[in-house]
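Report on one structure; see the data block that follows.
The values are calculated or read from the model by the stated rules, or taken from the named source; none is laboratory data. Please read these numbers as outputs of a predicted model, since none were measured by experiment. Note: ideal-geometry Cβ built from the backbone for every residue, glycine included; neighbour counts use all protein chains shown. Note: areas computed on protein heavy atoms with side chains; ligands, DNA, RNA excluded. Shrake-Rupley method; radii C 1.70, N 1.55, O 1.52, S 1.80 Å.
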Amino acid sequence: MSQRVIFTRAGFWRGMRAALALMPAMLPFGLVVGVLADARGLSTLESALMSALVFAGTAQLVALELWADPAPILGATLAALVVNLRMAPMGAALAPWLDRLRGWKLWGTLATLVDNSFAISVADQRAGGRDAALLLGIGFGLWVFWVASTMVGHAFAGVIRLPAGHPVLFASLATMLALMVPLFRGRVDIIPWAVAAVVAIAAHKAGLGQPWPVLAGALLGAGVGAWRAAPRKTT
């Protein structure tokens, strides 16, 4: 029998505290998005609304990179959709928690779900955790900080000029790599993870721009993992 899922104030604040540790790594990423939004002609209000409603750094970067006059609304929307398709398997992995939430608890959690909150929460879930408010606490804390950091980047766009490849921009990627450590379950994950990495690198080397390398690696890696986890029929 599965454990009863709870949703407590203590779990929410535990998530908020976990989010605090992730914020320094998010700051450079948020500043860059704010600077790029200013360069594309978005106002402070438009930049803030984009961060608040989309809340997906990679998708926002892809959309802003495609931005032109007139704005390619269909192309930018499709690119953002492709980037965020990875949220589908995340939701499936968190189903033991999400399936037991209703109303604002469910929709608030889904609206603020990001890679970092997923990684921490699914690790807690696998360890026997049953307080789903942890997921909302992390996501909400990161959402507030993300909106604030992109607004700061927009406001000081004339001062903040980080060149491409600047070491500080590696902070967000380094944090994501660190968050993957508790998700690694040993031999069972080696082949799916390796497939995802090889496919993504191959797609990048083939000249495919974002988000296709990430999407191809994620889908094929997840497919291999699901195939290996599927029960085999015995004769």
- Take the Cα atoms of the stretch 89-128, find their three principal axes, and give me the spread along each one in whole Å, biggest first. 26, 18, 15
- With the full set of protein chains in place, find how many percent of the accessible area of the stretch 1-150 is carbon and sulfur; take the probe as 1.4 Å. 69 percent
- Query: Non-local amide H neighbours of Ile6 (under 5 Å, H modeled in plane, Pro and chain starts lacking H): which ones?
  - Reply: Asp131, Ala132
- Query: Cα gyration tensor of the stretch 81-149, axes a ≥ b ≥ c as square roots of the eigenvalues: rounded (a/c below 1.5), prolate (a/b > b/c) or oblate?
  - Reply: rounded
- Note on the structure: Residue-normalised value, i.e. accessible area per residue, for the stretch 1-123 at 1.4 Å probe, in Å², stands at 53 Å²
- Note on the structure: Candidate cut points under trypsin sites (Lys or Arg not before Pro) in the stretch 50-116, DSSP loop plus at most 11 other Cβ atoms within 10 Å of their own Cβ, are Arg102
- Note on the structure: Most packed first (mean Cβ within 10 Å per residue), the peptides 122-131, 144-153 order as 144-153, 122-131
- Query: Rounded, prolate or oblate: which fits the stretch 1-141 when a ≥ b ≥ c are the square roots of the eigenvalues of the alpha-carbon gyration tensor, with rounded for a/c under 1.5 and prolate only if a/b beats b/c?
  - Reply: prolate
- Label point distance in nm, Trp227-Val54, each placed 7 Å from Cα along Cα→Cβ: 3.4 nm
- Message: What are the ³J(HN,Hα) couplings of the stretch 126-142, residue after residue, when phi is run through the Karplus curve with 6.51, -1.76, 1.60 and θ = phi - 60°? Round to Hz, x for glycine and proline.
- Response: 5, 7, x, x, 9, 9, 5, 5, 4, 4, 5, x, 5, x, 5, x, 5
- Using packing as a proxy for protection, rank 43-51, 4-12 so that the peptide with the highest average count of other Cβ atoms within 10 Å comes first. 43-51, 4-12
